[in-house]
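In what follows, a single structure is set out as structure tokens and then discussed.
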Amino acid sequence: MPSIGPRVWLLAGAALVATPAASPAWGEDLRSALIAAYNTNPTLQAARANQRATDEDVAIQKAPGRPSITGQATHTEFVRQSGNNFTAPDRNLNAQLSLSVPIYSGGSVRNGVKAAETRVEAGQADLRGTESSVFSQVVGAYMDVILNEAVVGLNRNNVQVLEVNLQATSDRFEIGDLTRTDVAQSQSRLALARGDARTAEANLVEARERYIRLVGLTPGLLDAPPPLPGLPASPDEAVTVAIDNNPNLVAAHERRKAAGYDVKVAGSGRLPTLSAFGQGAYNDYYGTLGGSLGGVQTFAQNETTAQVGLRASIPIFQGGRPAAQRRQAQAREGAAMEQEIEVERGVIAQVRSAYSSWQASNEIIASTQSAVDAAGLSLEGVRAENSVGNRTIIDILDAEQELLRARVQLVTARRNAYVAGFSLLAAMGQAEAQDLGLEGGPLYDPETNYKRVRGKWFDWDDDRAPKPQSTRTVDTPPQDGEIRGSEATTIQSTNTSAPGGQ
């Protein structure tokens, strides 16, 4: 498959969707919508925050393999002493400082760190998948706004045509050329057309509100999106690329590897451990320890002690707990293996379905274009035949309705073709920020935070309190069913991309 390379398809190219006139200066393109979603979408921002939390698991797993220091201070008042204890103090201050250095832990720390590092890689793949999913939703919402604007325009145009028809029918009724039935039929079709136009306006409002939810901005006059390059020539080619690049499959593979390390961690619970330790203590009795002879104290009133050594722990019998934990980890590794295969199946099905939908939509475009052309010729013919009395008013109304349906099906097919093509790229793992060539500032790199935190060891090395990165939409105005620009947006004829095209 030819390489997509730095994808500049969001910068230029032939349009799938276009307006009749040149786009005004305030037009908005798909690239801008994707950049806005990339920087402010809450789903994507939350996924990044969750990945930063996953990064910290590496430092958490490293901590048990590092030295630990513990300090403790205790002040004690002996409020009641034994009458036979003549040297007991009245009070005591005890301070201790302990150092423990793990030497061998049966492999639990080493394998725990490997499992955490592997889950970081899985999380980064999940983040790629979230990016791809959000972008797919944005593309769908973007195309839905354009589609629904086109449908609103077509329905409003149909209303205008039917209003003219009704007026002409009424005029011919006045001169006795038509019957009241013809007028009633025209009135009925006009009423239905007005209802359809209102429904289309409501659908446009819904599409715009969905766009705001995903992008965080109010849609203006949306420009034509460019064609999609690098689409595969066959479903087998698409599957081959997806097996290597689909982020969900990559994540499942890494989780299966992490589960293997978990088995080793569980098995380390029955192995010996070895650590070095050091401990120092200070006691101060405030001059109250023991008595004195002739005014001379016979006991030291403070003392300092210290010990160092090695401590080995050899588990002999733990009631079967370590074996149960290892069997449990093995079962979870088996589940992870099955889940990887399940994800692979899903990816293959998703890729093949997306490829089929993309091709079917392109074929539907061709057939519905023919239907639109034929319906237009049919309407002209019916009107001509009606003028000489060979066709009735209902024939004209039916022909107009058939032309409207064909036009709506055409713009819908073009929307579906573009969305299906993008979904195919997403399933192949090639619809993420780095693939799309977005330029809205530096791209978010999860590896940067991971490298920042993986070696941290200081207990007070905190980050600043988090603040939301997403934008709120409470201040955006409620949307309406009006068309942005002077006339209805139409979806014109072009391919999303020829199979295997650049």
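Computed over the chain, the per-residue total of -39500 (n - 2.57) for DSSP H runs of n ≥ 4 gives a 222 nm mean residue ellipticity of -20000 deg cm²/dmol, rounded to 500. Once the 1.4 Å probe is applied to the protein heavy atoms, the range 226-269 comes out at 36 Å² accessible per residue. In this structure, the amide hydrogen of Leu178, modeled 1.01 Å from its nitrogen in the peptide plane, lies closer than 5 angstrom to those of Phe173, counting only residues at least 5 positions away or on a different chain.
Annotation: amide H-H contacts under 5 Å for Asp29 (H modelled 1.01 Å from N, sequence separation of 5 or more, or interchain): Asp223.
For the chain, the longest principal axis of the C-alpha atoms and the axis of helix 108-174 are separated by about 20°. Shown in residue order for the range 229-236 are the 3J(HN,Hα) couplings computed by the Karplus curve 6.51 cos²θ - 1.76 cosθ + 1.60 at θ = phi - 60°: x, x, 6, x, 7, 7, x, 5 Hz (x for Gly and Pro).
Counting every pair of alpha carbons in the range 311-366, the share spaced more than 18 Å apart comes to 65 percent. The antiparallel fraction among DSSP beta bridges confined to the chain stands at about 95%. Can you tell me the orientation of helix 42-62 relative to the chain, as the angle in degrees between its alpha-carbon axis and the longest Cα principal axis, to the nearest 10? Here the helix axis deviates by roughly 20 degrees.
With all pairs of different C-alpha atoms in the average, the Kirkwood value for the hydrodynamic radius of the range 278-427 is 25.1 Å. Measuring against 25 Å, Cα to Cα, the residue pairs Lys114/Lys467; Lys257/Lys467; Lys114/Lys456 contain Lys114/Lys467; Lys257/Lys467 as the ones spanning a longer distance.
Taking the accessible area of the chain, probe 1.4 Å, and keeping the other protein chains in place, the carbon and sulfur fraction comes to 53%.
Taking Cα atoms only, the orientation of helix 180-215 departs from the longest principal axis of the chain by about 20 degrees.
The values are calculated or read from the model by the stated rules, or taken from the named source; none is laboratory data. Computed from a predicted structure; not experimentally measured. Please note that ligands, DNA and RNA were not included when accessible areas were found on the heavy atoms of the full protein model with its side chains. Shrake-Rupley method; radii C 1.70, N 1.55, O 1.52, S 1.80 Å.
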